[in-house]
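What follows is a single structure, written as structure tokens, with notes after it.
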Amino acid sequence: MRFTTVAALSLVLASTPLCAKTAAPANVAAAVAATADRTPDNVKLDESRKPAELLTFFGLRQGMQVLDMFGANKYWSEIIAPATGPTGHVTVWQASQFLNADRQKAFDEFAAKHPNVSLISSPFEAPDLPKGKFDFAIINLDYHDVYWENPQRKVVRMNPDAWLKTFYDAMKPGATVGIVDHVANPNSDARATVDKLHRIDPEVLKADFKRAGFVLAGTSDMLRNPADDHSLLVFDPKIRGKTDRVVFKFKKPR
């Protein structure tokens, strides 16, 4: 496994809030291993997502205020809520286009047993996020959909820069943002690529977050798959759950 860190990281870490520096690392491995407390369908995803390694790389710590974007399936909150402890909190945001009654009920039942978890929902194109609240956020396999448009699913054309400004404003100075997404080959039309394959060129993703004001603090190849030639729709049975994925860690400067 290879990790790389950009030179700007030292400047970002120097400005990280004291509480984030001194809090103990989150007990991610134990939370992942507690499979009896997790949804069986979510446990099945562990092999392809490597949650313990990923959250450790991103630097999740106890007591963090966490934002889990598109997380109504509870995959990350089932792990992060116990891992961050009683002083931490996980706020799940879910686009209202993808929150049906059954999913809402399942999440409400989960949140009733976990007082440090809550759910907010708003239209995909207008994330309703509190400003300056979060120490940590994760967007797993979903950022590319900011370039998606689908009338049947009531997903309207969005401006990625405007969407990311709202997201950026929700993060505290010094906050960490972990991004995982399906890799597309370099191309000049992100919208067409997302519409056809639900993949994104990593350079487009990186440029978007840098333009929003985030600093790239690290990358990892832990979820790369050289056997994926990037030509298949990510839901194709030949590659589903095994796509080549980029992992970026960003920081919001202080």
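The H on the amide N of Val92, modeled in the peptide plane, is under 5 Å from the matching H of Asp68, Ser118, Leu119, Ile120, each at least 5 residues off or on a different chain.
Cross-link check: pairs Lys105/Lys206; Lys74/Lys154; Lys165/Lys242; Lys133/Lys249; Lys74/Lys133 evaluated at a Cα-Cα cut-off of 27 Å; pairs beyond the cut-off: Lys105/Lys206; Lys165/Lys242. Projecting the Cα atoms of Met171, Val156, His182 onto the charge dipole of region 150-191, computed from C-beta unit charges around the Cα centre, puts Val156 farthest toward the positive end.
Is the shape of region 173-219 best called rounded, prolate or oblate, per the rule: a/c under 1.5 gives rounded, else a/b larger than b/c gives prolate, else oblate, with a ≥ b ≥ c the square roots of the Cα gyration tensor eigenvalues? Prolate.
Our helix-only sum for the chain, with -39,500 (n - 2.57) per DSSP H run of n ≥ 4 divided by its residues, gives a mean residue ellipticity at 222 nm of -9000 deg cm²/dmol. Summarise the accessible area of the chain (1.4 Å probe, protein heavy atoms) by the percent that is carbon and sulfur. About 54 percent, which is the carbon plus sulfur part of the accessible surface.
The three principal axes of the C-alpha atoms in region 181-254 carry coordinate ranges of 43, 27, 16 Å, sorted with the longest axis first. Between the amide H of Arg224 and those of Arg245, distances stay under 5 Å, these residues lying 5 or more places away or on another chain, with hydrogens modeled in the peptide plane. Whole angstrom only: what separates the Cα centroid of region 30-109 from the Cα centroid of region 209-254? One Cα centre to the other: 19 Å. Under 5 Å between amide hydrogens, built in the peptide plane, is the criterion, and for Ala175 it picks out Lys252 among residues at least 5 positions away or on other chains.
Phi-derived couplings, Karplus 6.51 cos²θ - 1.76 cosθ + 1.60 at θ = phi - 60°, listed residue by residue for region 98-108: 10, 10, 8, 5, 5, 5, 4, 4, 4, 5, 4 Hz, with x used for Gly and Pro.
The phi-based Karplus calculation (6.51 cos²θ - 1.76 cosθ + 1.60; θ = phi - 60°) puts the 3J(HN,Hα) values of region 143-160 at 4, 3, 5, 5, 8, 8, 9, 8, x, 4, 8, 6, 9, 8, 5, 10, 9, x Hz, whole numbers, x for Gly and Pro. Less than 19 Å apart at the alpha-carbon level, and either on another chain or at least 8 residues along: which aspartates and glutamates does that give for Lys196? Straight-distance partners of Lys196: Asp142, Asp145, Glu149, Asp181, Asp228, Asp229, Asp236, Asp244.
For the listed peptides 124-131, 136-143, 221-228, a ranking on the average number of other beta carbons within 10 Å per residue, highest first, reads 136-143, 124-131, 221-228.
Per residue, the solvent-accessible area of region 103-254 (1.4 Å probe, heavy atoms of protein chains only, all protein chains present) comes to 45 Å². Shown for region 88-165 is the translational diffusion coefficient from the Stokes-Einstein equation, using the Kirkwood radius over Cα pairs, a temperature of 20 °C and a viscosity of 1.002 mPa s: 154 µm²/s.
Distance distribution note for the chain: the fraction of Cα pairs above 26 angstrom is 37%.
Of all aspartates and glutamates in the structure, the ones whose alpha carbon falls short of 13 Å from that of Lys172, not counting any fewer than 8 places away in one chain, are Asp135.
The values are calculated or read from the model by the stated rules, or taken from the named source; none is laboratory data. All of these numbers come straight from a predicted model, not from anything done at the bench. Methodologically, a virtual Cβ is constructed for each residue, glycine included, from the backbone with ideal geometry; neighbour enumeration extends over all protein chains shown. Surface areas here come from the heavy atoms of the whole protein model, side chains and all, with no ligands, DNA or RNA. Shrake-Rupley method; radii C 1.70, N 1.55, O 1.52, S 1.80 Å.
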